[in-house]
1. Scanning the range 130-160 for residues that are hydroxyl-bearing (S, T, Y) and buried (at least 17 other Cβ atoms within 10 Å of the Cβ), which turns out nearest to R26 (Cα to Cα)?
2. Taking the range 107-157 as the search range and keeping residues that are touching a Gly at 6+ places or on another chain (Cβ under 8 Å) and closer than 18 Å to N67 by Cα, which one is modelled with the lowest pLDDT?
3. Can you name the number of the only condition in (1) open to solvent by 10 Å² or more (accessible area, probe 1.4 Å); (2) in contact with a Ser or Thr (Cβ under 9 Å, 6 or more places away or on another chain) that A102 fails?
4. So which of A72, A68 is farther than 23 Å from G110 by Cα, free of Cβ contacts under 8 Å to residues at least 40 places away in the same chain, part of a helix (DSSP H, G or I) and open to solvent by 30 Å² or more (accessible area, probe 1.4 Å)?
5. In the range 6-20, what residues are assigned to a helix (DSSP H, G or I), touching a residue at least 60 places away in the same chain (Cβ under 8 Å) and buried (at least 17 other Cβ atoms within 10 Å of the Cβ)?
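The values are calculated or read from the model by the stated rules, or taken from the named source; none is laboratory data. Bear in mind the structure is a predicted one, so any value in this text is a computation, not a measurement. Here the Cβ positions follow ideal geometry from the backbone for every residue, glycine too, while neighbour counts run over all protein chains shown. Protein only, heavy atoms only, side chains kept; ligands, DNA and RNA dropped before computing areas. Shrake-Rupley method; radii C 1.70, N 1.55, O 1.52, S 1.80 Å.
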Amino acid sequence: MIMSWFIWGWVCAAAGTIASVPQAVRLLRSRTSAGLSLTMWQFNVACSVAWVLHGLRGGWWNITVPNAIMGATAALIVQLIVADRGLSLARVWPLIMAVFAAFAAIEIFGNPVGFGIAIVLPLAFGMLTQSRDLVREPDIAGLSASTIVGVCALQFMWLAWGVGMGDLSIVICATTLGAVSTFNLVWFALRTRGVIGARVASAAA
């Protein structure tokens, strides 16, 4: 059984390394970040690096390796958003560094449960800012459907692994993010199929 969960952990790891790639590709090809939440990707960078630290300290390479790759991909996406919107790096990266420093302290001086509860807050908040943009923004052309689907599926994959291996940090994080990412997936599907429109646009009409 342990071997089965070990293998599943690496399946999750492999899926995690490619989940954000379609979003980066879409930004590179479309040259627009319309509808994309910068805050979410800032938190993704910081939290991915914090998960790398958690994985290293726990000896979980299936957490360490994919989060290192995801962190690099998220950093690329942040840079592409910054370039597209003409923002200053001095206004973007201090938040990333501050969030990582906070979680590094929690990981080193706290415990796994505290880390899991704490790290889910910025990740959930970041996803909720994407939820807000999905609901309000008239233009969501910058969003990648593949990444939205992949991120949602990934949360439930990690939830299964966390339950199987008894890692409370993963269980807490994946449960919460799974709920938010499911909402984002459903709302994105409704928007792109024309079932609903942007709420701001509707209100203005």
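1. Residues of the range 130-160 hydroxyl-bearing (S, T, Y): 131, 144, 146-147.
If we keep only those that are buried (at least 17 other Cβ atoms within 10 Å of the Cβ) as well, we get 131, 144, 147.
Working: S131: 19, S144: 6, T147: 10 Å.
So, considering only residues that are hydroxyl-bearing (S, T, Y) and buried (at least 17 other Cβ atoms within 10 Å of the Cβ), the one nearest to R26 (Cα to Cα) is S144.
2. P112
3. With respect to (1) open to solvent by 10 Å² or more (accessible area, probe 1.4 Å); (2) in contact with a Ser or Thr (Cβ under 9 Å, 6 or more places away or on another chain), A102 is out only on (2).
4. On the way: A68 fails: farther than 23 Å from G110 by Cα.
Answer to the check: A72.
5. Initially, the range 6-20 is screened for residues assigned to a helix (DSSP H, G or I), giving 6-19.
Filter once more, so that each one left must be touching a residue at least 60 places away in the same chain (Cβ under 8 Å): 8-9, 11-12, 15-16, 18-19.
Listed by number, the residues that qualify are W8, G9, C12, G16, A19.
Residues are listed down the side, and each one gets a yes or a no for (1) over 24 Å from G166 (Cβ atoms); (2) out of contact with any Pro (no Cβ under 7 Å at 6 or more places or on another chain); (3) modelled with pLDDT of 90 or more:
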site: C47; (1), (2), (3): no, no, yes
site: W61; (1), (2), (3): no, yes, no
site: I69; (1), (2), (3): yes, yes, yes
site: V78; (1), (2), (3): yes, yes, yes
